[in-house]
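The values are calculated or read from the model by the stated rules, or taken from the named source; none is laboratory data. These numbers come from a predicted model, not from an experiment. Every residue, glycine as well, gets a Cβ built from its backbone with ideal geometry; the counts of neighbours run over all protein chains shown. Accessible surface areas use protein heavy atoms only, side chains included; no ligands, DNA or RNA. Shrake-Rupley method; radii C 1.70, N 1.55, O 1.52, S 1.80 Å.
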Amino acid sequence: EAICSLLGDVPGVGGDGILATITFRATGLGVSPVSITFHDLMDSNGSSIPSDCVDGTVNVAAPDLSLVLVSLPYPALPKYANVTVPVNVTVMNMGAVDAGAFNVSCTVFWNDGGLQEHYEEQRVAGLEANATIVIILGFTPRHNGTYTLTFKVDCNDEIIESNETNNQLSMSMTVNVQGDITGDGQVTYKDLFVLAKAYWSTPADSNWNASADLNLDGTVDYRDLFILSRNYSS
């Protein structure tokens, strides 16, 4: 029920205008009818003023945060234990309204042992409707073997969304022992041969091999050779 009046010595008015604004809190999403079941306009003498009501509708919209892509910056290169792996996570607001602040999480399981090895969250200040943002999450694997990475947008359920079935994506990744350049599960003379061919090279050299850059410092040198020798025949 809402009662509105003009008090005091107010001259009469005519024509169109807004007498009252009704504000309400929506409890759901979608289109809903709005109707006024009773109204009565009265003049200063208490006499009714003829008037009509027109029903309408209200459309309650919400953001729709979606994880559209998770990708590795260098998918063709081997991933090594004890070397940080960055992952690009693309989030899009597919809804009709802006989204407030939310978190994106990364959960990492080492499948060989069923061990949750890493968890982190990154805060996003907000995302406009139809906008896209790319954030970087990553972890440092401690083992060789297969990993499963699961990413979830709005992981703490802070945002009311029109669709929450597209908030999660997973990916698998194989991690080698540092020095296993060939990816055969062992660090042997084969890997040493590959590293030797790229020794003392940088990305500007013709003999550069990014897979032999075991510590990802942009140079294949004695540091990489030390890593390989430390894990030789492991």
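Whether any residue in region 88-106 is of a type in the set (Val, Ile, Thr) and touching a Pro at 6+ places or on another chain (Cβ under 9 Å) is what I want to check.
Of region 88-106, the ones of a type in the set (Val, Ile, Thr) are 89-91, 97, 104.
Next, from what is left, pick out any that are touching a Pro at 6+ places or on another chain (Cβ under 9 Å): 97.
Within region 88-106, one or more residues are of a type in the set (Val, Ile, Thr) and touching a Pro at 6+ places or on another chain (Cβ under 9 Å).
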Inset, instruction - Could you give me the residue pairs with C-beta distances under 8 Å whose first residue belongs to region 94-112 and is acidic (Asp, Glu), whose second residue is open to solvent by 50 Å² or more (accessible area, probe 1.4 Å) and assigned to a loop (DSSP other than H, G, I, E, B) wherever it lies, and which are 6+ apart or on separate chains? - result: Asp98/Glu128; Asp112/His143
Inset, instruction - Report whether or not Gly95 is open to solvent by 30 Å² or more (accessible area, probe 1.4 Å) and not aromatic (Phe, Trp, Tyr). - result: no
Inset, instruction - Inspect all residues belonging to region 30-44 and state whether any of them is under 26 Å from the mean Cα position of the chain (by Cα) and surrounded by 12 or more Cβ atoms within 10 Å (Cβ to Cβ). - result: no
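Across region 99-109, what is the total count of residues that are under 12 Å from Thr150 (Cβ atoms) and open to solvent by 30 Å² or more (accessible area, probe 1.4 Å)? Steps first, please.
First pass over region 99-109, keeping only residues under 12 Å from Thr150 (Cβ atoms): 104-109.
Cutting the leftovers down to open to solvent by 30 Å² or more (accessible area, probe 1.4 Å) gives us 109.
The qualifying residues number 1.
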Legend entry - Any hit, region 50-68, residues being closer than 30 Å to Ser172 by Cα and either open to solvent by 20 Å² or more (accessible area, probe 1.4 Å) or polar (S, T, N, Q) (or both): yes
Inset, instruction - Inspect region 167-179 for any residue being farther than 30 Å from Gly126 by Cβ and open to solvent by 60 Å² or more (accessible area, probe 1.4 Å) and give the result as yes or no. - result: yes
Inset, instruction - Keeping to region 195-218, report how many residues are under 15 Å from Asn82 (Cα atoms) and loosely packed, with under 15 Cβ neighbours inside 10 Å. - result: 2
Inset, instruction - Considering only residues that are in contact with a Cys (Cβ under 7 Å, 6 or more places away or on another chain) and among the charged types (D, E, K, R), look in region 110-166 and name the one that is most open to solvent (accessible area, probe 1.4 Å). - result: Glu121
